[in-house]
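To start, the structure itself, in structure tokens.
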Amino acid sequence: MILIGLGSQLLGHTLWIDDNYKVHQGHMHQESLQNSKHRIDKKEIDTFLCLKDSGVRKSNGDTLAKSGCDAIFVILHSAYYTKTPYGTKKLPKDKIKMPIESWQSIESVKRLYSNNKTPYNQGLELVLRNNLSDLKVGEKARLTVYYNGKVLSGAMLANGHKTIGMSDENGHINVKIRQKGLQNIKASLTKPADGIKCDKIIHTTTLNFEVKM
């Protein structure tokens, strides 16, 4: 049974990829996209992928040209967190005294540069069904949520810092574009764990794409 992630998991922080393929975490402001003080260190990145047509190429992120990739997909190393009476620790439940609640966090972020409508087929993922060049402020981005390559219903989504709803039985949801610039749309899925290292597994994925008009 798949459990749905709470909205608070979506709104906790923001991931995005800048024009230089650097991954950032924190509040996203248009005027400071390239100057974030919260850049994700390379050692926190598990997989860096260039998606082109239906192909996938792994990279360290240093040698890619934007024109060579339809999308960049980055998967971070998973991490365990445990809430205790003395605060939240970045450790699994079985390494903590007096655990209250624990979870494993699995996060990814994808940035589109051109049309890419084929899912990568690993973990949680958002796919844009529109042609990227057709999107304008006031129109709706048509999205599909996938989990391990299969459409996922009931996933919770947020646009920026506002929860917007859940994917339907076909994994679809429409998101209205409210402003120009880099878009940040997130989906979350929570699944039960074995209770030893953690109580639940929280999957979160983010989709970035730029709207110019």
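The values are calculated or read from the model by the stated rules, or taken from the named source; none is laboratory data. In this text, all values refer to a predicted model and were calculated from it rather than measured experimentally. Backbone-built Cβ (ideal geometry, glycine too); neighbour counts: all protein chains shown.
Things to note:
- Of the residues making up segment 105-148, those that are part of a strand (DSSP E or B) and basic (Lys, Arg) are 110, 111, 140, 142.
- Considering residues of segment 183-199 that are among the basic types (Lys, Arg) and surrounded by 17 or more Cβ atoms within 10 Å (Cβ to Cβ) only, the residue nearest to the chain's Cα centre (by Cα): 186
- Screening 43, 37 for residues that are surrounded by fewer than 14 Cβ atoms within 10 Å (Cβ to Cβ) and either in a strand (DSSP E or B) or modelled with pLDDT of 75 or more (or both) leaves exactly one candidate, 43.
- For residue 160, the test of being under 14 Å from the mean Cα position of the chain (by Cα), more than 16 Å from residue 107 (Cβ to Cβ) and surrounded by fewer than 19 Cβ atoms within 10 Å (Cβ to Cβ) is passed.
- Among the numbered conditions (1) touching a residue at least 60 places away in the same chain (Cβ under 8 Å); (2) surrounded by 15 or more Cβ atoms within 10 Å (Cβ to Cβ); (3) not hydroxyl-bearing (Ser, Thr, Tyr), the only one that residue 213 does not meet is (2).
- Residue within segment 189-198 that is assigned to a loop (DSSP other than H, G, I, E, B) and closer than 22 Å to residue 45 by Cα present: yes
- Residue list for segment 101-131, restricted to those being buried (at least 19 other Cβ atoms within 10 Å of the Cβ) and over 22 Å from residue 48 (Cα atoms): 102, 103
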